[in-house]
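Notes follow the structure.
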Amino acid sequence: MLPINQIYCLDYKDFLSQIDENTIDLAVIDPPYNLKVAEWDSFGSLNDFLGFTFDWIDRLLPKLKPTASLYIFNTPFNCAYILQYLVGKGLLFRNWITWDKRDGFSASKKKYNNAQETILFFTKSHSYTFNTEAIRVPYDSQERIKHAIKKGILKNGKRWFPNPNGKLCTDVWHIASERHKQKQNGKTIKMPHATPKPMEMIQRIIRASSNENDLILDCFVGLGTTAVASYLLKRNFICADKNHEYVHYAQEYLSKTMQLCPMNSELTF
Ligand SMILES: C[S@@+](CC[C@H](N)C(=O)[O-])C[C@H]1O[C@@H](n2cnc3c(N)ncnc32)[C@H](O)[C@@H]1O
C-alpha cells in the first residue's frame with residue numbers, strides 16, 4: 001500500500017494497483033468528461049470514453065470498504081451510462097445530484113444552454129456514513145424564518161421551529177464554478193487547470209460521507225482540491241493525477257495550507 005496523506009504523480013492504473021483492497025472509506029472521483037477541454041479530456045469516440053471510464057471503475061471498486069461511499073462527477077449524458085454500469089456492479093444508488101454551476105459550458109443557439117453537471121452518489125452497502133446535520137444549508141426565505149424563529153409556524157396542528165443550522169441539504173446544489181468565481185469584469189481568466197472543483201462542494205461531500213480519520217481517495221485530483229479539503233476536515237487522503245504540472249501545484253497548495261493551518265483546524269471556503 002502506498003503511504004497515505006500524499007499526492008502522487010501517477011496514471012490511475014499504476015496508482016490503484018498500489019492501493020490495498022477494502023481500505024477506502026470515501027472515493028471522490030472527478031474524472032475526464034470527454035468534453036475536449038484539454039488533451040486529457042479528449043477521446044476518439046463515446047465507446048473509447050466509456051471503455052476508459054468502466055476501466056477505472058473496475059479497478060477502483062475492490063479498494064472500497066463495504067461501508068464506503070462513492071461520488072462521481074460527469075455530464076448528465078455520461079452519468080446515464082455510468083449509473084447503469086454501477087447498478088450492474090451491485091452498487092447502491094443514493095442520489096443523482098444536480099450541480100447548478102451558475103455558469104455554462106458553452107453558449108449554444110440550437111438547444112438549451114448547459115448549466116449543470118451531475119454528481120452520482122452511490123454506496124457499497126446499506127451500512128454507510130451520512131452526516132446529514134453536518135451539511136445543513138441556509139433557508140431560502142430569511143424573512144419567513146425570522147418570523148418562525150420567534151413564533152413557530154403551525155404545521156399539521158404542531159408548531160414548527162426552524163433549525164438554527166439551516167435546512168436539510170437537497171440533491172440540487174447551487175454553487176458557482178471556479179471558472180465563474182474567478183471571472184474579472186465578466187471575463188473568464190485563464191486558470192492553472194481547466195476544471196477545478198469548488199472547495200465548498202468537495203467539503204460538503206467529505207463532511208456528509210466521512211468521519212474524522214477516515215481515508216479518502218481521488219485518482220484524478222487535478223489541483224489537489226480533495227487532498228486539501230480532506231486535510232482541513234481532519235480526514236486522511238490518498239490522491240493522484242497523471243499530470244506533473246497539476247501535481248506540483250497540488251503539492252504546493254497542500255503544503256501552503258498545512259503551514260497556514262498547522263493544527264489542521266477546520267476552515268471553510
Ligand atoms: C476533471 S479534472 C479533476 C479536477 C480536480 N477535481 C480539481 O479540483 O482540480 C480530471 C483530471 O484527471 C487527470 N487525468 C486524466 N487522465 C488520467 C489518467 N489516466 N490517470 C490519472 N489522471 C488522469 C487530468 O490530468 C485532470 O487533472
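The values are calculated or read from the model by the stated rules, or taken from the named source; none is laboratory data. Predicted, not measured: the structure shown is a model, and the values here were computed from it. For neighbour counting, all protein chains shown are included, and Cβ atoms are generated from backbone atoms with ideal geometry for every residue, glycine included. The accessibility values were calculated without ligands, DNA or RNA, using every heavy atom of the protein model including side chains. Shrake-Rupley method; radii C 1.70, N 1.55, O 1.52, S 1.80 Å.
Among the residues of segment 196-208, those that are open to solvent by less than 10 Å² (accessible area, probe 1.4 Å) and assigned to a helix (DSSP H, G or I) comprise M201, I202, Q203, I205, I206, A208. Residue pairs whose Cβ atoms lie under 8 Å apart, separated by 6 or more positions or on different chains, with the first residue in segment 1-25 and free of Cβ contacts under 8 Å to residues at least 24 places away in the same chain and more than 21 Å from T129 (Cα to Cα) and the second near the ligand (Cβ under 9 Å from one of its atoms) and not in a loop (DSSP other than H, G, I, E, B), do not occur. Total residues in segment 253-269 satisfying the condition of being within 13 Å of the ligand (Cβ to nearest atom) and either at pLDDT below 95 or surrounded by fewer than 17 Cβ atoms within 10 Å (Cβ to Cβ) (or both): the figure is 1.
Exactly one residue among L86, L154, L92 is surrounded by 14 or more Cβ atoms within 10 Å (Cβ to Cβ) and more than 15 Å from S209 (Cα to Cα), and that residue is L86.
Do we find that I202 is more than 12 Å from the ligand (Cβ to nearest atom) and touching a residue at least 40 places away in the same chain (Cβ under 8 Å) in this structure? No. Is it true that I189 is within 21 Å of F122 (Cβ to Cβ) and of a type in the set (A, V, I, L, M)? Against the criterion (within 21 Å of F122 (Cβ to Cβ) and of a type in the set (A, V, I, L, M)), I189 does not qualify. When segment 115-157 is limited to residues that are among the charged types (D, E, K, R) and modelled with pLDDT under 90, the one that is nearest to S69 (Cα to Cα) turns out to be D140. Is there a residue in segment 187-195 that is at pLDDT below 95, out of contact with any Pro (no Cβ under 9 Å at 6 or more places or on another chain) and not in a loop (DSSP other than H, G, I, E, B)? Scanning segment 187-195, I find at least one residue that is at pLDDT below 95, out of contact with any Pro (no Cβ under 9 Å at 6 or more places or on another chain) and not in a loop (DSSP other than H, G, I, E, B), so the answer is yes. The residue that is farthest from the ligand (Cβ to nearest atom), counting only those in segment 23-56 that are closer than 20 Å to T226 by Cα and surrounded by fewer than 19 Cβ atoms within 10 Å (Cβ to Cβ), is T23. Quick check: anything in segment 167-180 acidic (D, E), within 23 Å of Y246 (Cα to Cα) and open to solvent by less than 70 Å² (accessible area, probe 1.4 Å)? The answer is yes; a qualifying residue exists. For segment 167-179, the candidate set comprises residues that are farther than 26 Å from Q251 by Cβ and of a type outside the set (A, V, I, L, M); within that set, the residue that is nearest to the ligand (Cβ to nearest atom) is W173. Out of everything in segment 128-144 that is in contact (Cβ under 8 Å) with a residue 40 or more places away in the chain and outside any loop (DSSP other than H, G, I, E, B), what residue ends up being nearest to the chain's Cα centre (by Cα)? Per the criteria, the residue is I135.
Each row is one residue, and each column tells you yes or no for (1) in contact (Cβ under 8 Å) with a residue 24 or more places away in the chain; (2) hydroxyl-bearing (S, T, Y); (3) closer than 20 Å to A38 by Cβ.
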residue	(1), (2), (3)
H180	yes, no, yes
M191	no, no, yes
A229	yes, no, no
L232	yes, no, no
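Taking (1) under 21 Å from T257 (Cα atoms); (2) touching a Leu at 6+ places or on another chain (Cβ under 6 Å); (3) small (G, A, S) in turn, G222 satisfies each apart from (2).
Here is the figure for segment 209-249: residues that are more than 9 Å from the ligand (Cβ to nearest atom), hydroxyl-bearing (S, T, Y), over 18 Å from L61 (Cα atoms) and surrounded by 24 or more Cβ atoms within 10 Å (Cβ to Cβ) total 1. If I ask for residues that are in contact with a Ser or Thr (Cβ under 9 Å, 6 or more places away or on another chain) and of a type in the set (A, V, I, L, M, F, W, C), which ones from segment 30-48 would you list? Within segment 30-48, L35, V37, A38 meet the criteria.
Of the numbered conditions (1) more than 9 Å from the ligand (Cβ to nearest atom); (2) open to solvent by less than 10 Å² (accessible area, probe 1.4 Å); (3) not aliphatic (A, V, I, L, M), P164 satisfies every one except a single condition; which is it? So P164 meets the others, but not (2).
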